Amino acid sequence: MKKKMALILCIAMAAMCLSGCSKNTESFATKQESKESLTTIRIWHDGDKAIMQMMEHRLNEALSDNGITVKFEQKSGLTDQIKLYESDEVNGPDMYMYAHDSLGMFVEMGALAPLADVIDKKVYADMLPMTLKAGNYKDSQYLMPVYFETLLFIYNKDLWEGEVPSTTDELYSYMKNHTDITKGTYALVNQHSTAYNVAPFINGFGGFIMNEQAKPGLSDEKTKEAVEYHKKFADLEADGDYNTVNALFNEGKAAAIIGGPWLIAGVKEAKINYGIKSLSDFTLPNGNALAPYSGVQGIGVMKHAAEAKKDAVAKVLEEIANPEIGIDLAENSGCAPANQKSYESKTVANDEMIAAMRRTADTAQPMPNIPQMSVMWGPTESLLAAVNKSGKDFSTAADEYQKVAENAIADMK
């Protein structure tokens, strides 16, 4: 009987020990899982996979000693995804990387924390002023700029005769002498009725499509001057969309094209012997340089991550601000870094396309990042089409589409 009792007691004690071990194991696992969740930073994006993979590798390599893991996750329809998950700490992102022009919408949703909640402004002090302006909304910095894009003057060295002009008037004279519309050959092609492509003229004249106070500028006198001046260029350019003008250049039927760095892969594939000139190198009759829009890719922080993962988020942002990230982006993906110190690298400084974009950053204007800008593209392009394609009086058309824009903005309220 005593032996049986002793056996029962032994079994009971063993069970208790196992139970205790199990609870301790579960407790340890829970703590580990909690710790990992606090040191894993999920960054949503809708960009080039190669760029994001390079950044992910670079960040994880740099932050391994801090026990921080960064995961870039591609999401199609990123804007809609953030609307759904911006406050979801479990399924949503901690940070996001996207074009800056959606910033105002995300801030007004209450999704983002200012960078000042996480890091000191000294961290991003070396960024190009234009790129910082792109990520600033209502006097608060929300985006850490990473790289930017803008329009360029790309020309075929085998077709262009002589030096590329330094003024827009000289450029127009060259176009008149080297364009034969009946034969389908052009000196220069551009999407002449696309707002983004005509913005260099509008901004350079001192006009605006929309200002920071969400006021449309289509009827502004300077905008009207720009549209009128630009029309003579449009008259000598092919009336075509993105694919049409690209085909004309790549097939050797146009000596030059105004377009972004996204065209270069196709230009290389077509084996064009090309050169690049910054739009900032062209002077308008008023003495100003052409001033294209710029799109800036930046990283923002969700509010919940700024609170729950502040230290880890800060480390990630500090590493993103490292000029070596910009150098890697330039060397491997042809991106123009936001960090000015990245251009101290000879490889970066000697890259013709990147150097041209860097010069353009001095006159380029970031696309407005306010929500109302989303309804401005339509009226602006209707104005340009009315003037450039239908021959409508520029002043009358500008006043007409100014009202269309004002009504569209009013409907947003």
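Bear in mind that the values in this text are calculations on the coordinates, not laboratory data. Please read these numbers as outputs of a predicted model, since none were measured by experiment. Neighbour counts are summed over all protein chains in view; Cβ atoms, including those assigned to glycine, are modelled from backbone coordinates with ideal geometry.
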Self-check item: Rg and Dmax of region 314-375, Cα atoms only, in Å
Solution: 13.8, 42
Quiz prompt | Debye log10 I(q)/I(0) at q = 0.18, 0.19 Å⁻¹ for region 29-171, Cα point scatterers | solution = -1.18, -1.28
Quiz item: Thinking of region 162-294 as a set of Cα atoms, what percent of all their pairs are more than 24 Å apart?
Solution: 29 percent
Quiz item: Hey, fewest Cβ within 10 Å first, where do MET175, MET97, MET127, MET109 land in order?
Solution: MET109, MET175, MET97, MET127
Quiz item: Highest GNM mean-square fluctuation, the chain, Cα pairs closer than 10 Å: which of ASP94, ASP65, ASP241?
Solution: ASP65
Self-check item: Local electrostatic count at ASN286 - Lys and Arg +1, Asp and Glu -1, tallied over other residues with Cβ under 12 Å
Solution: -1
Quiz item: Could you state the per residue volume, in Å³, of the convex hull enclosing the Cα atoms of region 303-413?
Solution: 158 Å³
Practice problem: Considering only GLN191, GLN365, GLN81, give the residue with the highest GNM mean-square fluctuation for the chain, with springs between Cα atoms whenever their separation is below 10 Å. | Solution: GLN81
Quiz prompt | GNM flexibility winner over the chain from LEU143, LEU171, LEU151 (Cα, springs under 10 Å) | solution = LEU171
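Here are some pairs, LYS71/LYS309; LYS224/LYS277; LYS83/LYS303; LYS133/LYS341; LYS176/LYS231; LYS49/LYS75; which of them have Cα atoms lying more than 22 Å apart in this structure?
Working: LYS71/LYS309 15 Å; LYS224/LYS277 27 Å; LYS83/LYS303 13 Å; LYS133/LYS341 18 Å; LYS176/LYS231 13 Å; LYS49/LYS75 11 Å.
The answer is LYS224/LYS277.
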Quiz item: What is the spin-label model distance, in nm, from GLU352 to GLU212 if the labels are put 7 Å beyond Cα along the C-beta direction?
Solution: 3.7 nm
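Report the Rg/Rh value for region 182-235, based on alpha-carbon coordinates and the Kirkwood definition of Rh. Mind dumping the intermediate values first?
Numbers: Rg = 12.8 Å, Rh = 11.9 Å.
That ratio equals 1.07.
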Quiz item: Taking the inverse of the average 1/r across all pairs of different Cα atoms in region 115-216, what Kirkwood radius in Å do you get?
Solution: 17.5 Å
Quiz prompt | Largest-first principal axis extents of the Cα set of region 99-139 (Å) | solution = 29, 21, 16
Practice problem: Can you tell me what the convex hull of the Cα atoms of the chain projects to on average, as an area in nm²? | Solution: 26.7 nm²
Quiz prompt | Karplus (6.51, -1.76, 1.60) ³J(HN,Hα), θ = phi - 60°, over region 51-67, in Hz, Gly and Pro reported as x | solution = 5, 5, 5, 5, 5, 4, 4, 4, 5, 5, 5, 6, 9, 4, 5, 8, x
Self-check item: Integer Hz, Karplus 6.51/-1.76/1.60 couplings in order for region 93-105, x for Gly and Pro
Solution: x, 8, 9, 9, 10, 6, 5, 6, 5, 8, 4, x, 4
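Mean shadow of region 242-391, computed from the convex hull of its alpha carbons, in nm²? If you can, show how the numbers build up before the last one.
Working: hull surface 51.0 nm².
Hull-based average projected area comes out at 12.7 nm².
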Self-check item: Using θ = phi - 60° and Karplus 6.51 cos²θ - 1.76 cosθ + 1.60, couplings along region 114-127 (whole Hz; Gly, Pro as x)
Solution: x, 4, 4, 6, 10, 9, 7, 5, 4, 4, 10, 5, 8, 6
Quiz prompt | Under 5 Å, built H, 5+ apart or other chain: amide partners of PHE208 | solution = THR223
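What ranking do 130-136, 294-300 get when scored by the average of other Cβ atoms within 10 Å per residue, highest first? Kindly include the intermediate steps, with their values, before the conclusion.
Details: 130-136: 23.0, 294-300: 25.1.
With the highest mean Cβ count within 10 Å placed first, the list reads 294-300, 130-136.
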Exercise. Could you pull out every residue, at least 5 positions away or on a different chain, whose amide H is within less than 5 Å of the one on LEU152? Hs are placed 1.01 Å off N in the peptide plane, and Pro or chain starts have none.
Key: GLY259, GLY260
Exercise. Taking each pair of different alpha-carbon atoms in region 208-257 once, compute 1/r for the pair, average those values, and report the inverse of that mean as the Kirkwood hydrodynamic radius in Å to one decimal.
Key: 13.0 Å
Practice problem: Would you grab the residues whose amide H sits under 5 Å from the one on GLU73? Only those 5+ places off in sequence or on another chain, please, with H modelled 1.01 Å from N. | Solution: ILE43, TRP44, HIS45
Practice problem: Per DSSP H run of n ≥ 4, the term is -39500 (n - 2.57); total these for the chain, divide by its residue number, and report the mean residue ellipticity at 222 nm rounded to 500 deg cm²/dmol. | Solution: -14500 deg cm²/dmol
